[in-house]
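Structure record follows, encoded as C-alpha cells.
The values are calculated or read from the model by the stated rules, or taken from the named source; none is laboratory data. This structure is a prediction, so every number in the text was calculated from the model and none was measured. Note: ideal-geometry Cβ built from the backbone for every residue, glycine included; neighbour counts use all protein chains shown.
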Amino acid sequence: MFEKSSKRTRPLHHRRWVAGAAGLAAAASLPLIAAGCNETTRATAAENPTEGATTTRNSESPGVSTPRVETVRVERKDLSRTVEMPGTVEGYETADLYAKVGGYLGSIVVDIGDEVHKGQELAKLWVPELKNEVTRKQAAIRQAESEVAQASAAVTQAEAGLTAARAAEVEAKTGLAEHQAKVRFQQLEHQRFSRLAAQQSIELQVADEAKYKLEAAEAAVAAAEARVHTATAQAEAAKANVARAEADRTSAQANVAVMQADADHAETMLAYALVRAPFDGVILRRNVDAGAFIRAGEQAGSPLLTIARVDKVRVVVDVPMADARLLDRGDRAVLTRLTGRPGETFEGHVSRFAPAVDKTSRLAKVEVDLDNRGRKLLPGYYGYMTIHLEEATDVPVVPASALLSDAEGPYVFVVEDGSARRQPVKITHQDGTTVGVGSGLSGGEEVIRSGGGQVVPGQKVVPVLAQK
C-alpha cells in the first residue's frame, strides 16, 4: 500500500528493519497495521462529524495529511425565491371631500364610521346667492327665446315680401313681352302702309298714322322694360331682407344657447352645494360642523370629510431594485405580522407595480389587493408582505456554503471514491442559505459543504457526512 517517494529521505529505523530478519518480518506486517489504523480513523470521523478541522495521514503517501471535509447529499426540493418587505394597508379608494363652492354649512348628516353609498347626500351648504343666479339666468333664457320668436316672425314677413316682389317681377316681364309683340305688329303695319302710300294706293295720312302707332308701341316697350328692372331690384332687396332676418334669427338662437349654458353652469354650481359620496365606503374623518363657513375648494385647508372604500383594500409595498426585475402580476403574496391582527395571515397576488424604480430610494412600488368584506383589515395597519418572485419544483439543492466560484464560473466539489471532483453548476436560485442548481447535479451526489476552499480538484479527502 505504501509507495516510495523520491522527494523524501527514508527514516533511519526503516533501514534497520531492512538489515535484519526481524526487520523483514516487521515490514511484512506493516501494511496490515496501517490498514487497521486507517479503518479506525474513518470510524472515528464518522462518530465525530463535527471535528472538520482534523486531518488523517494519507496511507498512500506517508507524511501527507488527508483533510477531513463535511459533506451533504444533494437533495431535490421545491424552491421559492421570495422578498419580504414592510407594507401598509390602505383603502382601495380614498377621497378627501371638499366643497366646490363657498358658503355656510347648512347640514351634515354623517359622522365617522358611517357607511355610505355612492351618490348619497353627506352635507349641504346654504348658498342663496347661487339660487338667485339660477333664477336670473332662467329669466334671461326666456327673454332670449322671445327674441328668437320675433326674429322668426321677421323672417316670415321678409319671405312674404320676397314672394310679392318676385310676383311683381313676373308681371312686369309679362307686360314687357306683350308690348314687344305689339311693336312687332306695328312694324309690319308701318311697312305695309308705307308701300301702299308709295304706290299711291292709300292716302299718306294713313301711312303716317301707322308710323305713330309703331312709335307709341316702342315707347310702351321702353316703359315695360323699366318696370321689369324695378321689379327685379325689389325682388333682390326682398331676398336680402330675408337673409338679414334669418341672420337675426340665427343670432337670437345662438344667444339662447349662451343663456342656456350660463343657466346650466349656475345650476351646476348650485348642485355643488350638495356634497355627495363618490363611491360606496366608510367615513374616516369629519372636520366640520353645521353652521361653519366653508371656503371653496382646497382653500378650506382641510377637507369636510374623508371617505374610504374598505370592502377591498390594497397593501402598498416598496420592493428593492434587485428584486423588482423579477416582479410579475399575479405573483403570490402573503401578509403576516400585522399590527392589530397578530398570528393571522392574509394571502393575495400582486395586482400592479410601478414599471420604474424611485431615483431616490431605489425602490419599486408594488400593490396587492386583498378582499376585506369581513373588515379585518383597517387602513393604516402595518405588517410584512412576502412576495413569491420565482417558484420551481423538484430542483437539486445544495447549501450556499458548498458553492464556490472562480474565473470559469460557479462549481461544487463532488466526493467520489475518496477524491474531490470539481463539478461546474448552473445556478437557478439563491437565497443566502440554499442554492438551486439547474444543471450539473441531479440529486444524491455527495458534495463538500464546508472546507471546499482548501481543497484542489482530484485531492484525496475524508468525507464526513453531516447529520440532518
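In the same structural domain as Arg325 (by TED's automatic domain parsing), farther than 29 Å from Thr66 by Cα and of a type in the set (Gly, Ala, Ser): is that true of Gly380 in this structure?
Spelling it out, Gly380 is indeed in the same structural domain as Arg325 (by TED's automatic domain parsing), farther than 29 Å from Thr66 by Cα and of a type in the set (Gly, Ala, Ser).
Check Val101, Val64, Val72 and return the single one that is touching a Lys or Arg at 6+ places or on another chain (Cβ under 6 Å) and at pLDDT below 95.
Of Val101, Val64, Val72, the one residue that is touching a Lys or Arg at 6+ places or on another chain (Cβ under 6 Å) and at pLDDT below 95 is Val72.
Which members of the range 207-255 meet the condition of being in contact (Cβ under 8 Å) with a residue 60 or more places away in the chain and buried (at least 18 other Cβ atoms within 10 Å of the Cβ)?
Ala231, Gln234, Ala235, Ala238, Asn241, Val242, Ala245, Asp248, Arg249, Ala252, Asn255
Just to be sure I understand, how many residues within the range 267-296 are surrounded by 14 or more Cβ atoms within 10 Å (Cβ to Cβ) and of a type in the set (Asp, Glu)?
The qualifying residues number 2.
From Lys137, Lys124, Lys173, which residue is basic (Lys, Arg) and part of a strand (DSSP E or B)?
None of the other options fit; the residue is Lys124.
For Ala139, state whether it is surrounded by fewer than 19 Cβ atoms within 10 Å (Cβ to Cβ) and without any contact (Cβ under 8 Å) to a residue 24 or more places away in the chain.
Against the criterion (surrounded by fewer than 19 Cβ atoms within 10 Å (Cβ to Cβ) and without any contact (Cβ under 8 Å) to a residue 24 or more places away in the chain), Ala139 qualifies.
Quick one: which of Ala243, Ala216, Ala210, Ala247 is under 23 Å from Val170 (Cβ atoms), in the same structural domain as Ala172 (by TED's automatic domain parsing) and either not acidic (Asp, Glu) or not in a helix (DSSP H, G or I) (or both)?
Values: Ala216 fails: under 23 Å from Val170 (Cβ atoms); Ala210 fails: under 23 Å from Val170 (Cβ atoms); Ala247 fails: under 23 Å from Val170 (Cβ atoms).
Just one listed residue meets the conditions, Ala243.
From Val435, Val447, Val456, which residue is β-branched (Val, Ile, Thr) and in contact with a Ser or Thr (Cβ under 7 Å, 6 or more places away or on another chain)?
Details: Val435 fails: in contact with a Ser or Thr (Cβ under 7 Å, 6 or more places away or on another chain); Val456 fails: in contact with a Ser or Thr (Cβ under 7 Å, 6 or more places away or on another chain).
Of Val435, Val447, Val456, the one residue that is β-branched (Val, Ile, Thr) and in contact with a Ser or Thr (Cβ under 7 Å, 6 or more places away or on another chain) is Val447.
Could you please give the count of residues in the range 416-425 that are surrounded by fewer than 20 Cβ atoms within 10 Å (Cβ to Cβ) and either part of a strand (DSSP E or B) or in contact with a helix residue (DSSP H, G or I) (Cβ under 9 Å, 6 or more places away or on another chain) (or both)?
Qualifying residue count for the region: 6.
Please give the strands (runs of 3 or more DSSP E) falling wholly within the range 297-402 in which 2 or more residues are among the small types (Gly, Ala, Ser) and either modelled with pLDDT of 95 or more or touching an Asp or Glu at 6+ places or on another chain (Cβ under 9 Å) (or both).
The strands (runs of 3 or more DSSP E) meeting that bar are 346-353, 382-399.
Could you identify the single residue in Glu189, Glu159, Glu169 that is charged (D, E, K, R), surrounded by 18 or more Cβ atoms within 10 Å (Cβ to Cβ) and in the same structural domain as Ala247 (by TED's automatic domain parsing)?
Glu169
What number of residues within the range 88-125 satisfy the criterion of being without any contact (Cβ under 8 Å) to a residue 40 or more places away in the chain and in contact with a helix residue (DSSP H, G or I) (Cβ under 8 Å, 6 or more places away or on another chain)?
So the first thing to find is which residues in the range 88-125 are without any contact (Cβ under 8 Å) to a residue 40 or more places away in the chain, and the list is 109.
If we keep only those that are in contact with a helix residue (DSSP H, G or I) (Cβ under 8 Å, 6 or more places away or on another chain) as well, we get none.
Residues meeting the conditions: 0.
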